[in-house]
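> Dropping a structure here in structure tokens format, bear with me for questions.
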Amino acid sequence: MSIAQISLPKGVGPHAEKLLDAITQASTAEDLNRAGGKAEGFVLGLESAKAIKSQIAESLYVAYDDAASQRATELA
């Protein structure tokens with residue numbers, strides 16, 4: 001799933017894309033773990049602040065997790 005397919009509040013999309021790019025462009029497993037942690041914290045913060053609904057949070061989690069899994073395979 002692409003971040004562009006997820007209905008996000010105004011101003012959130014560019015940050016979400018930047019985090020996805022950090023995951024997909026990680027050069028080491030350590031960089032990948034760091035980027036994944038930042039993305040997870042970002043979604044948790046949005047959800048905790050009630051800026052997004054839980055369905056949208058789940059979509060973001062899935063998008064980030066899928067990207068991280070794919071990148072981990074590429075780095076292995």
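> Just give me the residues in region 1-58 being within 15 Å of residue 70 (Cα to Cα) and touching a Pro at 6+ places or on another chain (Cβ under 7 Å), in sequence order.
Answer for region 1-58, where residues must be within 15 Å of residue 70 (Cα to Cα) and touching a Pro at 6+ places or on another chain (Cβ under 7 Å): there is none.
> Follow-up question, since we're still on this one. Exactly one of these conditions fails for residue 43: (1) touching a residue at least 12 places away in the same chain (Cβ under 8 Å); (2) more than 8 Å from the chain's Cα centre (by Cα). Give me its number.
Checking residue 43 against (1) touching a residue at least 12 places away in the same chain (Cβ under 8 Å); (2) more than 8 Å from the chain's Cα centre (by Cα), the one that fails is (2).
> A follow-up question, please. Report every pair of residues separated by at least 6 positions or lying on different chains whose Cβ atoms are under 8 Å apart, first residue within region 1-29 and in contact (Cβ under 8 Å) with a residue 12 or more places away in the chain, second among the aromatic types (Phe, Trp, Tyr) and surrounded by 12 or more Cβ atoms within 10 Å (Cβ to Cβ).
Partner pairs satisfying both residue conditions: 15/42; 16/42; 19/42; 19/64; 20/64; 23/64.
Values quoted throughout were computed directly from the atomic coordinates according to the rules given, and no laboratory measurement underlies them. Please read these numbers as outputs of a predicted model, since none were measured by experiment. Heads up, the Cβs are rebuilt from the backbone with ideal geometry, glycines too, and the neighbour counts pull from every protein chain shown.
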